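What follows is one structure encoded as structure tokens, with my remarks underneath.
Read-outs throughout are calculated quantities, based only on the coordinates presented, and are distinct from any laboratory measurement. Model, not experiment: these values are computed from the prediction. Cβ atoms come from the backbone with ideal geometry, glycine included; neighbour counts cover every protein chain shown.
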Amino acid sequence: MTTNPLKINFAGLKLKNPTVLASGILGYSAESLMSIVEGGAGAVITKSIGAEPRAGYANPTVVQTKCGLVNAMGLPNPGIDAYVQEIRRAKSALSVPLIVSVYGYSAEEYAATARKAAEAGADAVELNVSCPHVKETGSEIGQNPAVLSEVVRKVKAAVHKPVIVKLSPNVTDIVEVAQAAVKAGADALTAVNTVKAMAIDAETALPILSNKHGGLSGPAIKPIALRCVYDICERVKAPVMGCGGITNWRDAVEFYLAGASAVQIGTAMALNGSSIFTTINRGVETYLKKKKFRSVTEIVGLSHRS
Ligand code: RRO
């Protein structure tokens, strides 16, 4: 029997391959998540869900630039009480792990929302402590190791599923934040959320996004994300999902070599469609074969040997 060279165990989640839908892209309905799985994803992450419904910001909420997207959606979501039904539907329809992204305005809110998500069937939760542009949540929590530790501790006490913490690149020392999250009990980390950015229209002479500031994703941030993953993996013993500008198999391989055992794909999926998961996985498989590796796990962190 031939074994699948792409299968991995990520913090207890069994993935048939290490490509994962990043939070925020097509991540609301069971149907859209199913279409991502058909495209070859090994796991999916929902849009971030909070305790209460939120409308999000007024349009424009996304700007396409030459090197990626700048978004300020503003956490639009139906609230966890309305969303549990969708989690149940997605869980029964999906053949891959379902990870629910959770945000809150306090440790208690993160914990209560995460508990409801887990009870509804989430296989893991990803804590969004890194949204760059919504006040009093997101990176205001993830930039402060003491506040972040409190959030992680409360969520771990409330949820008996893997807890993944999604980190912000908009910090002075991401390793310090990663260490705080893991010390507080995080099972795994995602590195990274979007890079704080903006866009201005030369014709109107005004910022384009209604929120003025937003988060940059896509190819421009890949070297930043790669550096974050590498630095974290040098110092922190926890599984890491790489996220930021991964567009093709070579990008994915670079993240595995930096120490990520899985990669999240968001912007490239939005721009190229869900078959990108299969395309990237096939390319990685060919690379492994050519280089005579039996499993993707053999290349995780390999660039740290020098
Ligand atoms: O909804 C958003 O505007 C958003 C979120 Br929650 C996030 O974590 N990162 C981002 O770039 N946008």
Dividing the helical contributions, -39500 (n - 2.57) per DSSP H run of n ≥ 4, by the residues of the chain yields a 222 nm value, nearest 500 deg cm²/dmol, of -11000 deg cm²/dmol
For region 37-173, the Kirkwood Rh over every pair of distinct alpha carbons, in Å, works out to 15.5
Checking region 202-300 for GluC sites (Glu not before Pro) in a loop per DSSP with at most 12 other beta-carbon atoms within 10 Å yields 203
Quick calc: nm separation of the 7 Å Cα→Cβ label points for residue 212 and residue 119 -> 4.1
So residue 14 and residue 29, fully extended at 0.36 nm per residue minus their Cα-Cα distance, gain in nm 3.1 nm
Over region 100-178, the quotient of the Cα radius of gyration and 2.2 N^0.38 Å is 1.00
For residue 156, counting only lysines whose alpha-carbon sits under 28 Å away and dropping same-chain residues fewer than eight positions off, the answer is 7, 14, 16, 47, 91, 116, 135, 166, 183, 237
Per the C-alpha gyration tensor (a ≥ b ≥ c, the square roots of its eigenvalues), region 1-88 is rounded if a/c is under 1.5, else prolate if a/b beats b/c, else oblate; here it's oblate
Between the modelled labels at residue 282 and residue 58 (7 Å from Cα along Cα→Cβ) the distance in nm is 4.6
With the 8 Å Cα cutoff and a minimum separation of six or more residues, region 154-306 has a relative contact order in percent of 19
Output row, site residue 175, 7 Å Cα→C-beta label point, backbone N cut-off 15 Å, window region 213-250, residues 227-238
Percent relative contact order for the chain, counting Cα pairs under 8 Å at least six residues apart, stands at 19
If each part is reduced to its alpha-carbon centroid, region 252-294 and region 112-141 end up apart, in Å, by 26
log10 I(q)/I(0) for the chain, Debye formula on C-alpha points only (no solvent), q = 0.06, 0.07, 0.15 Å⁻¹, two decimals, reads -0.17, -0.23, -1.16
So, relative contact order of region 1-117 in percent, Cα under 8 Å, 6 or more apart, is 27
